[in-house]
Amino acid sequence: MTRFARPYIEGLSPYYDPRPGRALRMDTNTNPLGENPVCQQALRECAGMELGQYPSTYGTKLREALADLYRLRPENFVVGNGSDEILDIICKTYMQVSGRLVMAYPAYSLHGWFATVNGGTSAEVDLDDEFQLRVDAMLEAPGDLVILCTPNNPTSNLFRPDDVRSILEQSRRVVVVDEAYGEFAGESFIPLVNEYENLIVTRTFSKAYALAGMRVGYSVANPELTKDMQKVRVPYTLDKVSEHAASLALGQQDFVRRAVEVVRRERPHLHKGLEDLGLMPYPSDANFILFRCPFDSAEFVRRLATKDVMVRDFGRKRMLKDCARTTIGTREQNDITLEKMAQVVGEWR
Ligand SMILES: *Cc1c(COP(=O)(O)O)cnc(C)c1O
């Protein structure tokens with residue numbers, strides 16, 4: 001067979017694509033409170049919105065709402081179809097042709113994937129034994145831009161803010177801080193965007209705002225960086241319905257506060273439950289917990305799925321041998337998860 005695709009595409013695998021059926025979804029770090037109630041309101045209100053016409057080219061309404069929330073300007077924001085689109089825009093803008101992106105390992109695998117599909121490569125710099133950044137190694141790694149994610153996925157810990165700041169200050173390249181879980185950690189680099197010429201923070205509506213199905217994310221950066229990114233962004237990627245839902249959600253901060261509260265209250269409960277089962281949990285600053293199984297994690301995750309609870313396996317990855325990740329849910333969801341885990345652990349012996 002003749003291969004028509006670009007050569008590097010042969011080495012790529014399809015992304016995580018489970019068939020959840022009616023299983024409890026503890027595998028994607030979504031919101032314990034379920035769908036944000038503004039979705040139904042947005043769908044009703046969009047009925048009169050003339051969907052025969054295009055949305056605004058750059059998502060002006062949402063950028064204005066974001067500017068209000070953070071006391072910044074619309075010129076500080078790029079909005080897109082999930083923060084995944086924003087990460088793609090960042091690679092298209094700041095990674096040179098055939099260039100390289102520097103990222104931490106273990107971290108969000110899509111960071112490296114965006115470099116690859118944009119024709120570049122990624123340099124992975126291992127985290128230390130406590131999953132913290134090795135600042136000097138990050139600084140020394142050759143590449144056009146640096147991406148790190150704090151709290152980090154899948155390890156769930158925050159990086160020390162001073163380490164991130166050192167990387168920011170000593171780098172003469174763009175540094176992207178992916179804060180997909182920022183709301184749960186309560187720490188952010190957003191207030192610093194106008195202070196640094198090379199800082200981009202990315203955020204999403206998929207986690208704390210419970211709008212994963214609407215696909216909305218954004219970057220926060222100084223107006224110069226924002227202008228570059230807007231030039232390569234595909235026009236109209238944010239549809240009218242999603243933009244409206246996200247704008248409404250920004251005005252309902254109470255929902256986000258409640259979600260964060262549930263996560264903070266449930267985190268120690270789930271942590272202890274995992275510990276009691278002999279599944280060694282790592283400390284978490286996010287809405288998920290990484291844990292290490294004393295047996296094959298892939299088989300554990302598979303057996304748990306047959307009991308209608310889905311968690312995500314990372315056990316075949318270097319440094320994460322037999323590790324899996326569970327979302328932090330409501331008390332009821334966590335207790336179902338722990339109960340099914342207990343059954344699987346029990347059957348093992
Ligand atoms: C979930 C997640 C995202 C986001 O995704 P979108 O749904 O595309 O906004 C980005 N980065 C990390 C580290 C994530 O875990």
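For the stretch 67-89, name all the residues that are in contact with a helix residue (DSSP H, G or I) (Cβ under 7 Å, 6 or more places away or on another chain) and farther than 14 Å from S206 by Cα.
Once the filter is applied, which keeps residues that are in contact with a helix residue (DSSP H, G or I) (Cβ under 7 Å, 6 or more places away or on another chain) and farther than 14 Å from S206 by Cα, the stretch 67-89 yields A67, L69, Y70, R73, P74, E75, N76, F77, V78, L87, D88, I89.
Scan L24, L33 and give me the residue that is within 30 Å of L304 (Cβ to Cβ) and in contact with an Asp or Glu (Cβ under 7 Å, 6 or more places away or on another chain).
Just one listed residue meets the conditions, L24.
Evaluate the stretch 206-222: report whether one residue or more is free of Cβ contacts under 8 Å to residues at least 12 places away in the same chain, outside any helix (DSSP H, G or I) and touching a strand residue (DSSP E or B) at 6+ places or on another chain (Cβ under 6 Å).
No, the stretch 206-222 contains no residue that is free of Cβ contacts under 8 Å to residues at least 12 places away in the same chain, outside any helix (DSSP H, G or I) and touching a strand residue (DSSP E or B) at 6+ places or on another chain (Cβ under 6 Å).
Against the conditions (1) under 15 Å from V175 (Cβ atoms); (2) surrounded by fewer than 19 Cβ atoms within 10 Å (Cβ to Cβ); (3) within 16 Å of the ligand (Cβ to nearest atom), where does A107 fall short? Just the number, please.
(2)
So for the stretch 43-51 (the condition being surrounded by fewer than 22 Cβ atoms within 10 Å (Cβ to Cβ), under 23 Å from the mean Cα position of the chain (by Cα) and assigned to a loop (DSSP other than H, G, I, E, B)), does at least one residue qualify?
no
For residues that are in a helix (DSSP H, G or I) and within 13 Å of the ligand (Cβ to nearest atom), tally how many sit in the stretch 85-104.
Number satisfying all stated conditions: 6.
Select from the stretch 148-183 the residues that are among the acidic types (D, E) and in a loop (DSSP other than H, G, I, E, B) and list them in ascending order.
E179
Looking only at the stretch 185-192, decide whether some residue is of a type in the set (A, V, I, L, M, F, W, C), in contact (Cβ under 8 Å) with a residue 24 or more places away in the chain and closer than 24 Å to P32 by Cβ.
Yes, that holds for at least one residue.
I want to confirm something. Restricting to the stretch 26-38 and keeping residues that are under 16 Å from the mean Cα position of the chain (by Cα) and at pLDDT 95 or above, which single residue is nearest to L250 (Cα to Cα)?
Restricting to residues being under 16 Å from the mean Cα position of the chain (by Cα) and at pLDDT 95 or above, the top hit is T30.
Would you mind stating whether L238 is in a loop (DSSP other than H, G, I, E, B) and either within 16 Å of the ligand (Cβ to nearest atom) or closer than 30 Å to R172 by Cβ (or both)?
Against the criterion (in a loop (DSSP other than H, G, I, E, B) and either within 16 Å of the ligand (Cβ to nearest atom) or closer than 30 Å to R172 by Cβ (or both)), L238 qualifies.
Kindly establish whether R325 is touching a residue at least 40 places away in the same chain (Cβ under 8 Å) and assigned to a strand (DSSP E or B).
yes
Hey, could you check the stretch 52-84 for residues that are crowded, with 21+ Cβ neighbours inside 10 Å and closer than 19 Å to V175 by Cβ and say which is nearest to the ligand (Cβ to nearest atom)?
Ranking the candidates gives S83 first.
Quick check: is even one residue across the stretch 133-145 surrounded by 24 or more Cβ atoms within 10 Å (Cβ to Cβ), under 20 Å from the mean Cα position of the chain (by Cα) and either of a type in the set (S, T, Y) or more than 12 Å from the ligand (Cβ to nearest atom) (or both)?
Yes.
The values are calculated or read from the model by the stated rules, or taken from the named source; none is laboratory data. Just so we're clear, the structure is a prediction, and the values are computed from it rather than from any experiment. Note: ideal-geometry Cβ built from the backbone for every residue, glycine included; neighbour counts use all protein chains shown.
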